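Enquirer: If you scroll down you'll find the structure; I have some questions about it.
The values are calculated or read from the model by the stated rules, or taken from the named source; none is laboratory data. None of these values were measured; they are calculated from a predicted model. All Cβ positions, glycine included, derive from the backbone under ideal geometry; neighbour counts span all protein chains shown.
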Amino acid sequence: MIEGRDDLLASDLAVTEIVSAVSRRLREGMLTRDGARRVQQGVVSAFEDGALRRVDLTRDVYRRAESYLIELTAIPLRAADALHLALATSNRAASLASFDLRLSAAGRAVGLAVYPA
């Protein structure tokens, strides 16, 4: 468990997004290839070890994401952000962790507590 937590959920989409951010740091010379691989392996291990509860993209999650894209027009959500939001709300999450300003705003708009604040 991550610091005694048993209520942390994430999707494989989140893993891919994390690796995308790590890849950017790699391209910018801020991280070595070995460092990037260690981050990727660490996140994947968190799933395999049960520290993160895996949630999956289902047809219902896609439809909910599409609804958010149409309903939350004041927030320019991208498809992946809408999917993250739909995954959280479909799994009755109370909060959302994100450094993305648009996703954070959308999370607040649907009543989630957002971290960092």
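Enquirer: Suppose we filter Leu57, Leu69 for residues that are outside any helix (DSSP H, G or I), out of contact with any Phe, Trp or Tyr (no Cβ under 7 Å at 6 or more places or on another chain) and under 25 Å from Gly107 (Cβ atoms); which single one remains?
Expert: Leu57
Enquirer: Now for a separate question. Cβ-Cβ under 7 Å, sequence separation 6+ or interchain: first residue in region 34-54 and among the aliphatic types (A, V, I, L, M), partner part of a helix (DSSP H, G or I) and at pLDDT below 90. Which pairs?
Expert: Sorted first by the residue in region 34-54, then by its partner, the pairs are Leu52/Ala46.
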